[in-house]
Amino acid sequence: PRMRRRDAARRLARLASSNAPSFVACPAAMRRWLVVDGVADAFALARPSAGAEARAPRATLWTEQDEEPLPNRAATVREAFPVRGGREGGVERAFRGATEAERARGVDVVLARENAREKPLVVDAYARESARETFRLTDAGVDAIAWFAARGARVGVETDDGNGLRRVEPSDGLFGGAETSIEAGRRATHGGQSANECLMIVPSAFGTNAQAARDNHFMASTSDGLSVLEIRERAVAEHKALYRGLRALGIEINLFTHDEKHATPDACFPNNWHTLRDGKLKLFPMKDENRRLERREDIIEFLKHKHPNLVVDDSLLRYERQDPPKFLEGTGSLVVDHEERVAYVALSERAHEEVVAEHCAAENLTPITFKALDARGRPIYHTNVMMSVCSSVAIVCADSIADPADRRRVLDALAAGGRREIITITHAQVDAFCGNVLELRTASGEPALACSARAFAAFDDARRARLRAAFDDRVVAVDFSTIERIGGGGVRCAVAEHFVP
């Protein structure tokens with residue numbers, strides 16, 4: 001009984017420690033390995049335990065001593081772009097404390113060189129839930145250098161002087177000097193057509209999805225002799241380049257990874273299972289059973305916490321349970337003109353008219369439905385591979401719209417209001433993912449275009465010039481060939497834009 005009373009007293013003392021300092025920890029078992037005295041906080045860095053990257057929406061924090069007070073905030077430092085099945089780990093060697101000489105040069109923490117570029121680190125931050133011993137995820141995939149700097153800890157990066165000697169240089173963040181450098185343009189984004197925040201899922205457990213291959217004819221039928229690990233390594237490198245390019249524009253990205261245990265080989269295409277706009281997180285019915293698993297509780301709970309009063313609308317999911325089931329796969333099926341309140345939908349096995357009608361009625365959208373076929377006369381599985389609507393331009397493969405009357409309706413609607421220039425593309429350009437492009441909004445409010453290098457090269461000179469003019473040269477074009485070929489989706493599919501105030 002005495003021990004039980006003592007344990008209860010310790011528990012109460014820990015729960016009452018609402019004014020305790022914050023420190024970096026792992027939401028599972030953790031081990032401290034470096035203490036940094038920053039200007040804003042004193043905190044400890046921790047090495048995540050095995051499996052810690054499979055984050056739960058809430059986590060119980062373990063501390064080294066029962067008497068040790070719980071913090072108000074905690075976080076995990078992790079590798080931003082891991083490859084499942086490959087060489088992982090090494091986070092515990094990523095940082096070290098600065099020497100006195102390095103402190104004198106304005107550095108508190110030294111980051112290993114490989115973790116500044118090749119294997120960058122990010123932070124997942126947690127906040128304590130009132131007096132409970134649980135923590136809720138508040139920030140996902142924040143640049144570690146910027147995160148530490150915001151807490152008063154100055155980070156330096158080890159560099160090589162060319163003679164085999166290491167020196168430490170202060171760093172302004174993971175994206176200082178990024179390969180993609182975009183100058184601020186002059187033309188502001190019109191209305192609400194594009195977003196400045198998005199969700200991206202690193203293809204850390206990427207692979208061929210046999211279920212999706214049944215009607216996604218953009219997927220390659222062979223891996224060209226590449227192993228699963230080689231495919232993942234290439235896919236992760238491509239995804240990292242896109243992430244860097246978008247972050248260089250000041251676009252806020254909530255970055256998650258996925259694991260083999262999730263059984264979601266297509267998880268890097270998060271735009272299909274949800275949208276977030278006007279305070280509503282809407283979930284969509286998916287055709288393939290393993291893609292339904294992409295609607296992860298940890299991501300949904302994170303978004304609810306990050307955006308207070310967010311309403312989760314899962315009303316369309318009942319269509320998955322009907323006999324026969326019906327589907328509508330988010331902004332893969334829906335290409336939305338937010339300014340004119342029009343939704344363009346190519347009907348297919350993944351987009352049924354009844355679901356389209358219900359969704360559009362609920363969101364005050366006018367649906368324009370049609371059937372789109374590829375060059376071999378097969379249905380195009382998603383609308384967003386054959387068209388894209390931006391603020392000042394619209395890209396569309398009019399030849400893919402089978403019915404001439406439907407083709408005319410689509411072109412007339414895109415031209416309505418006279419604010420957009422229509423850029424038509426061919427079937428061959430659709431195959432190169434020229435229609436699978438996305439407008440996003442930079443930190444200063446200008447529109448920018450994200451696309452694959454293959455897509456941008458497939459536009460002829462005149463069309464490329466028109467796109468450059470429309471976006472004041474703010475075009476992020478990255479190699480996405482592995483993801484396009486193996487996954488059958490492009491850059492637009494890899495970015496789920498979030499429209500938040």
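The values are calculated or read from the model by the stated rules, or taken from the named source; none is laboratory data. Keep in mind that what you see is a predicted model, and the values were worked out from it rather than measured. Every residue, glycine as well, gets a Cβ built from its backbone with ideal geometry; the counts of neighbours run over all protein chains shown. Surface accessibility is based on the protein's heavy atoms, side chains included, excluding ligands, DNA and RNA. Shrake-Rupley method; radii C 1.70, N 1.55, O 1.52, S 1.80 Å.
Quick check on segment 352-501: of the DSSP beta bridges with both residues there, what percent are antiparallel, nearest 5%? Walk me through the numbers before you get to the answer.
On the way: 9 of 17 bridges.
The answer is about 55 percent antiparallel.
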For segment 349-501, with every protein chain kept in place, what is the accessible area per residue (1.4 Å probe, Å²)?
35
Report the residues of segment 469-501 in range of a label on LYS280: point 7 Å along Cα→C-beta, backbone N strictly under 18 Å from it.
497-501
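Summarise the accessible area of segment 353-414 (1.4 Å probe, protein heavy atoms) by the percent that is carbon and sulfur.
Details: 1210 of 2440 Å².
Carbon and sulfur: 50 percent of the exposed surface of segment 353-414.
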Spacing of the two label points (7 Å from each Cα toward its C-beta) at VAL312 and ALA443, in nm:
3.2
Segment 308-386: trypsin sites (Lys or Arg not before Pro) falling in loop per DSSP and having at most 11 other Cβ within 10 Å:
ARG376
Amide H contacts under 5 Å for ILE422, placed H, 5+ residues apart:
ALA394
Between the modelled labels at GLU349 and ASP412 (7 Å from Cα along Cα→Cβ) the distance in nm is 3.4
Just the number, please: carbon plus sulfur as a percent of the accessible area of segment 258-338, 1.4 Å probe, no ligands or DNA/RNA counted.
48
Segment 185-289 - accessible surface per residue (Å², probe 1.4 Å)
34
Among segment 326-369, those whose backbone N falls under 17 Å of a label point 7 Å along Cα→Cβ from ARG419 are 336-344, 365-366
